[in-house]
Amino acid sequence: MKYATTPSKESTANLRSMPSQSKSKGLDTGTIADMKKTLADEYLLQLKTQNFHWNVEGPLFFSLHKLFEEQYNKIAEFVDESAEILRALKSPAPGSFTEFKKASSIEECTEEKLNANKMIDILTADHTTLAELYKERLETAEAEEETSAVTLYEDLITFHEKAAWMIRSHLA
Ligand SMILES: [Fe+2]
């Protein structure tokens with residue numbers, strides 16, 4: 001997927017001069033548009049990881065229950081950082097499930113009965129997908145010299161790659 005690389009100073013100036021623009025979906029570009037998606041991605045993954053923390057069963061229960069708790073707590077920090085970077089860029093931060101579902105690159109999980117192996121497969125795939133997506137978003141943030149976003153994407157990529165490995169390692 002290609003992301004627009006409009007310089008952020010221009011985006012920020014546009015938002016300042018046309019405050020209504022930021023309320024219209026699809027008009028944000030570059031780091032701001034990406035960060036809204038990132039906030040949505042992280043929020044959905046936080047909920048999904050917490051869902052699996054609550055519902056996991058079987059021989060892997062203790063280990064996964066504990067790991068998922070550590071991970072959703074860390075993801076919650078990333079959610080907050082993403083929203084605060086948006087505010088620092090003078091953009092509103094989306095804050096509803098409707099917006100998050102629309103903007104997220106990953107699917108929520110509505111199945112009530114999943115076995116532990118299926119949970120492992122789903123979360124491993126989600127963490128891997130996000131790590132790859134964030135490499136593209138990192139490039140955009142670097143091109144726009146948005147240093148807070150660059151730092152966040154570097155941290156996110158490291159976290160998601162490690163999380164995928166730690167979850168995947170539960171499979172025999
Ligand atoms: Fe808990």
- Contact order normalised by residue count of the stretch 27-168, Cα under 8 Å, 6+ apart, percent: 32 percent
- Task: Please report, in Å, the Rg and the Dmax of the stretch 96-172, where both are computed over Cα atoms only.
- Result: 14.7, 45
- Taking 127-137, 105-115, 159-169 and ranking on average Cβ neighbours within 10 Å, highest first, one gets 127-137, 159-169, 105-115
- Calculate the dipole size of the stretch 27-168 relative to its Cα centre from +1 charges on Lys and Arg beta carbons and -1 charges on Asp and Glu beta carbons; express the result in debye to the nearest 20. 440 debye
- Links that overshoot a 20 Å alpha carbon limit, given the list Lys36/Lys162; Lys48/Lys135; Lys48/Lys101; Lys135/Lys162: Lys36/Lys162; Lys48/Lys135
- Distribution of pairwise C-alpha distances over the stretch 27-168, 5 Å bins, in %: 2, 10, 21, 23, 18, 12, 7, 4, 2, 0
- Task: Mind checking the full-extension length gain between Glu84 and Lys118? Use 0.36 nm per residue of separation minus the Cα-Cα distance, one decimal, nm.
- Result: 8.9 nm
- Task: Compute the length gained on full extension between Glu107 and Ser148: take 0.36 nm times their separation in residues and subtract their Cα-Cα distance, giving the result in nm to one decimal.
- Result: 12.1 nm
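Each value in this text was obtained by applying a stated rule to the coordinates, not by laboratory testing. What you see is a predicted model; the values in this text were computed from it and never measured. No Cβ is skipped: glycine too gets one built from the backbone with ideal geometry, and neighbour counts run over all protein chains shown.
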